[in-house]
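This report refers to the structure that appears directly beneath it.
The values are calculated or read from the model by the stated rules, or taken from the named source; none is laboratory data. None of these values were measured; they are calculated from a predicted model. Here the Cβ positions follow ideal geometry from the backbone for every residue, glycine too, while neighbour counts run over all protein chains shown. For the accessible areas, the whole protein counts, side chains as well, though only heavy atoms, and no ligand, DNA or RNA atoms are used. Shrake-Rupley method; radii C 1.70, N 1.55, O 1.52, S 1.80 Å.
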Amino acid sequence: IREAVDTQPWEAGHDPLIEAEVSFGPEVAWWAARTLGLSEPDGILTARVPVANHDAFAGWVLSFGEHAEVISPSEMRAEIRDRVMAALEGFG
(Lines give C-alpha, C1' and ligand atoms only; values in the text may rest on other atoms or scores of the structure.)
Protein backbone atom coordinates (compact mmCIF):
# COMPACT_ATOMS: atom_id res chain seq x y z
CA ILE A 1 0.00 0.00 0.00
CA ARG A 2 2.84 2.39 0.86
CA GLU A 3 4.30 2.03 -2.65
CA ALA A 4 0.95 2.89 -4.23
CA VAL A 5 0.48 5.90 -1.97
CA ASP A 6 4.00 7.18 -2.60
CA THR A 7 3.63 6.85 -6.37
CA GLN A 8 3.43 10.09 -8.32
CA PRO A 9 0.70 10.35 -11.00
CA TRP A 10 3.24 10.15 -13.84
CA GLU A 11 4.72 6.93 -12.44
CA ALA A 12 1.46 4.97 -12.69
CA GLY A 13 0.23 4.41 -16.20
CA HIS A 14 0.28 2.29 -19.29
CA ASP A 15 2.36 4.46 -21.58
CA PRO A 16 5.76 3.14 -22.64
CA LEU A 17 8.07 3.68 -19.66
CA ILE A 18 10.65 6.40 -20.30
CA GLU A 19 13.17 8.24 -18.19
CA ALA A 20 12.83 11.98 -18.61
CA GLU A 21 15.55 14.44 -17.71
CA VAL A 22 14.21 17.75 -16.45
CA SER A 23 15.96 20.94 -15.40
CA PHE A 24 14.25 23.12 -12.80
CA GLY A 25 15.28 26.72 -12.25
CA PRO A 26 16.27 27.93 -8.79
CA GLU A 27 12.84 29.54 -8.32
CA VAL A 28 11.11 26.13 -8.26
CA ALA A 29 13.92 23.63 -7.67
CA TRP A 30 13.00 23.25 -3.99
CA TRP A 31 9.40 22.40 -4.95
CA ALA A 32 10.45 19.84 -7.55
CA ALA A 33 12.97 18.29 -5.14
CA ARG A 34 10.31 17.84 -2.45
CA THR A 35 7.89 16.30 -4.93
CA LEU A 36 10.56 13.90 -6.17
CA GLY A 37 11.86 13.05 -2.69
CA LEU A 38 15.26 14.60 -3.34
CA SER A 39 17.36 16.84 -1.13
CA GLU A 40 16.81 20.53 -1.69
CA PRO A 41 19.34 22.00 -4.13
CA ASP A 42 21.17 25.30 -3.76
CA GLY A 43 20.25 26.36 -7.29
CA ILE A 44 19.21 24.58 -10.45
CA LEU A 45 18.03 20.99 -10.10
CA THR A 46 18.45 18.49 -12.91
CA ALA A 47 16.59 15.24 -12.26
CA ARG A 48 15.87 11.97 -14.03
CA VAL A 49 12.24 10.98 -13.61
CA PRO A 50 10.63 7.63 -14.51
CA VAL A 51 7.47 8.30 -16.53
CA ALA A 52 4.70 5.78 -17.27
CA ASN A 53 1.91 8.35 -17.72
CA HIS A 54 3.06 10.92 -20.26
CA ASP A 55 -0.01 13.13 -19.91
CA ALA A 56 0.33 13.44 -16.12
CA PHE A 57 4.06 14.15 -16.44
CA ALA A 58 3.52 16.86 -19.06
CA GLY A 59 0.92 18.53 -16.85
CA TRP A 60 3.27 18.44 -13.88
CA VAL A 61 6.19 19.92 -15.81
CA LEU A 62 3.98 22.64 -17.28
CA SER A 63 2.83 23.59 -13.77
CA PHE A 64 6.33 25.01 -13.22
CA GLY A 65 5.90 27.38 -16.16
CA GLU A 66 9.07 28.80 -17.66
CA HIS A 67 11.13 27.48 -14.74
CA ALA A 68 11.20 23.85 -15.94
CA GLU A 69 12.57 22.38 -19.14
CA VAL A 70 12.50 18.79 -20.35
CA ILE A 71 15.97 18.01 -21.64
CA SER A 72 15.28 14.47 -22.86
CA PRO A 73 13.91 12.38 -24.38
CA SER A 74 13.28 14.49 -27.46
CA GLU A 75 9.80 12.99 -27.92
CA MET A 76 8.65 14.21 -24.51
CA ARG A 77 10.27 17.58 -25.10
CA ALA A 78 8.36 17.86 -28.40
CA GLU A 79 5.09 16.80 -26.76
CA ILE A 80 5.36 19.55 -24.17
CA ARG A 81 6.34 22.12 -26.81
CA ASP A 82 3.28 21.11 -28.86
CA ARG A 83 1.00 21.56 -25.84
CA VAL A 84 2.38 25.04 -25.22
CA MET A 85 1.99 25.99 -28.89
CA ALA A 86 -1.61 24.68 -28.97
CA ALA A 87 -2.44 26.70 -25.85
CA LEU A 88 -0.96 29.85 -27.39
CA GLU A 89 -2.93 29.32 -30.60
CA GLY A 90 -6.08 29.16 -28.49
CA PHE A 91 -5.46 32.76 -27.44
CA GLY A 92 -4.94 34.03 -30.97
Rounded to the nearest 500, what is the chain's calculated 222 nm mean residue ellipticity when only DSSP H runs of at least 4 contribute -39500 (n - 2.57) each, over all residues?
-> -13000 deg cm²/dmol
The long-range amide H neighbours of T46, using H built 1.01 Å from N in the peptide plane and a cut-off of under 5 Å, are F24
Diffing segment 46-53: the Karplus 3J(HN,Hα) column from phi (6.51, -1.76, 1.60, θ = phi - 60°), in whole Hz with x for Gly and Pro, holds 10, 10, 9, 10, x, 10, 10, 10
Solvent-accessible area, 1.4 Å probe, carbon plus sulfur percent, for the chain | 54 percent
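What whole-number value in Å² describes the accessible area per residue of the chain for a 1.4 Å probe? Write out the running numbers ahead of the final one.
Details: 6020 Å² over 92 residues.
In whole numbers, the chain has 65 Å² accessible per residue.
Treating only the Cβ of Lys, Arg, Asp and Glu as charged (+1, +1, -1, -1), what charge dipole size does segment 1-87 show about its Cα centre? Round to the nearest 20 debye. Walk me through the numbers on the way to the answer.
Numbers: 6 positive and 15 negative charges, 13 e Å.
Once rounded to the nearest 20, the dipole reads 60 debye.
Would you be so kind as to identify all helices of the chain, as entire DSSP H runs, whose Cα atoms reach 24 Å or more along the helix's own axis and whose mean Kyte-Doolittle hydropathy is at least -1.0? Please list the in-between numbers first.
Working: long enough: 74-91 (26 Å, -0.23).
Result, helices passing both filters: 74-91.
If contacts are Cα pairs under 8 angstrom and at least 6 residues apart, what is the relative contact order of the chain in percent?
Values: 119 pairs, mean separation 31.2, N = 92.
RCO, the chain: 34 percent.
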